[in-house]
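Since the structure comes first, as structure tokens, the remarks are kept for the end.
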Amino acid sequence: MNPVAFDIFGISIRWYGILISMGMLLGIFLAYYEAKKQGYNPDDIIDLSLWVIPAALIGARLYYVAFQWEYYKGDILKILNTREGGLAVHGGLIAAVLAGYFFTRAKNIPFWKTADIVAPSIALGQAIGRWGNFINGEAYGGPTDLPWGIMVDGVKVHPAFLYESIWDLGLFIFLIIYRRNKKFNGEIFLLYAIIYSVGRFWIEGLRTDSLMFMGLRTAQLISIAIIAFGLVLYFIMRRR
């Protein structure tokens with residue numbers, strides 16, 4: 001597919017940006033509705049998004065640039081030019097969580113309860129956003145003979161973007177169902193972090209465009225750290 005959806009005054013609007021925006025807007029809408037349902041001030045969700053979304057975009061870019069520094073060093077214009085690609089999900093998630101934490105402290109509202117409200121929205125947004133990778137012809141895996149493989153440069157490869165999209169969609173459905181019976185504030189967000197990271201670890205092993213650190217895939221290293229930290233925190237909070 002052509003990655004450019006249309007042009008406005010000579011500026012190309014890409015499908016990737018459209019899909020990311022759709023995922024964000026739908027996620028905000030669902031979190032707003034859930035907040036209202038729980039008796040939580042839904043306007044706080046709108047305010048939260050104004051903190052979290054810019055932080056996520058900046059974090060995703062800085063994370064990517066940090067692990068591709070040899071390419072970007074000495075040219076600040078390349079760093080600022082996100083239209084050429086270069087956003088990393090883990091960087092965005094880390095920055096978003098930090099921004100969300102400081103926002104809830106500033107507004108004096110419960111962090112973990114807020115995190116539980118928005119966690120399913122994050123999973124849904126990721127499920128939608130991954131299709132932008134398909135349109136860009138990126139985030140695919142190595143060669144495969146499986147019937148659902150896709151053709152890239154004449155080679156049949158794993159549609160890694162599709163695997164993650166399905167995983168994220170399944171995670172979204174699970175969290176929506178399970179949150180009716182959650183045991184403590186923070187449980188839904190921690191389950192999101194752990195389950196997403198399990199899937200990301202496996203899927204990252206199939207990809208051919210991974211960011212690397214000392215010969216290892218950074219997304220797998222971060223996923224292991226999140227799983228370990230998340231499990232420890234989960235059992236501590238559940239026991240309390």
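Structure notes:
- Centroid-to-centroid separation of region 140-191 and region 94-119 [C-alpha atoms, Å]: 25 Å
- Summarising the amide proton neighbourhood of T144: residues at separation of 5 or more, or on other chains, whose placed amide H is nearer than 5 Å comprise K156, V157, H158.
- Under 14 Å, Cβ to Cβ, from G129 - net charge with Lys/Arg +1 and Asp/Glu -1: 0
- Computed from point charges on the beta carbon alone (+1 for Lys and Arg, -1 for Asp and Glu), the dipole magnitude for the chain about its Cα centre is near 940 Debye.
- Answer label for P(r) over Cα pairs in 10 Å bins from 0, in percent (calculated), chosen among (1) 8, 33, 40, 17, 2, 0; (2) 8, 32, 33, 18, 8, 1, 0; (3) 7, 29, 37, 21, 6, 0: (3)
- Remark: relative contact order (the chain) = 19 percent; criterion is Cα-Cα distance under 8 angstrom and separation of 6 or more residues.
- From phi via Karplus (6.51, -1.76, 1.60), per-residue ³J(HN,Hα) for region 60-68 in Hz, x at Gly/Pro: 4, 6, 4, 4, 5, 4, 4, 8, 10
- Taking Cα centre as origin and charging only the Cβ of basic (Lys, Arg, +1) and acidic (Asp, Glu, -1) residues, the dipole magnitude of region 61-178 rounds to 520 debye.
- Working note: Cα gyration tensor of region 41-108, eigenvalues times five, square-rooted, sorted largest first, giving semi-axes of 28, 11, 9 Å.
- Counting only Cβ charges, +1 for Lys and Arg and -1 for Asp and Glu, the dipole size of region 41-108 around its Cα centre is about 140 debye.
- Accessible area (Å², 1.4 Å probe, nearest 10) - I224: 90 Å²
- Counted by Cβ distance under 15 Å from I46, the other residues give a net charge of -2, where Lys and Arg count +1 and Asp and Glu count -1.
- Mean sequence separation of contacting Cα pairs (under 8 Å, at least six apart), scaled by the length of region 41-108, corresponds to a relative contact order of 48 percent.
- Accessible-area order (highest first, 1.4 angstrom probe) of the listed residues L216, L171: L216, L171
- Carbon plus sulfur fraction of accessible area for the chain, probe 1.4 Å, in percent: 68 percent
- Of the listed residues Y16, Y192, the order by accessible area with a 1.4 Å probe, largest first, is Y16, Y192.
- For region 122-135, 3J(HN,Hα) per residue [Karplus equation, 6.51 cos²θ - 1.76 cosθ + 1.60, θ = phi - 60°, Hz, x = Gly/Pro]: 4, 4, 5, x, 5, 4, 6, x, 4, 5, x, 5, 4, 5
- The heavy atoms of M212 present about 90 square angstrom of accessible area, all protein chains included, probe 1.4 Å.
- Pairs of Lys in the chain closer than 30 Å at Cα, counting only those 8 or more apart or on different chains: 12
- Counting only DSSP H runs of at least 4 residues, each contributing -39500 (n - 2.57), and dividing by the residue count of the chain, the helix-based mean residue ellipticity at 222 nm comes to -22500 deg cm²/dmol.
The values are calculated or read from the model by the stated rules, or taken from the named source; none is laboratory data. Keep in mind that this is a model prediction, so the values were computed, not measured. Note that each Cβ is placed from the backbone with ideal geometry, even for glycine, and that neighbours are counted across all protein chains shown. The area values use the complete protein model at the heavy-atom level, side chains included, leaving out ligands, DNA and RNA. Shrake-Rupley method; radii C 1.70, N 1.55, O 1.52, S 1.80 Å.
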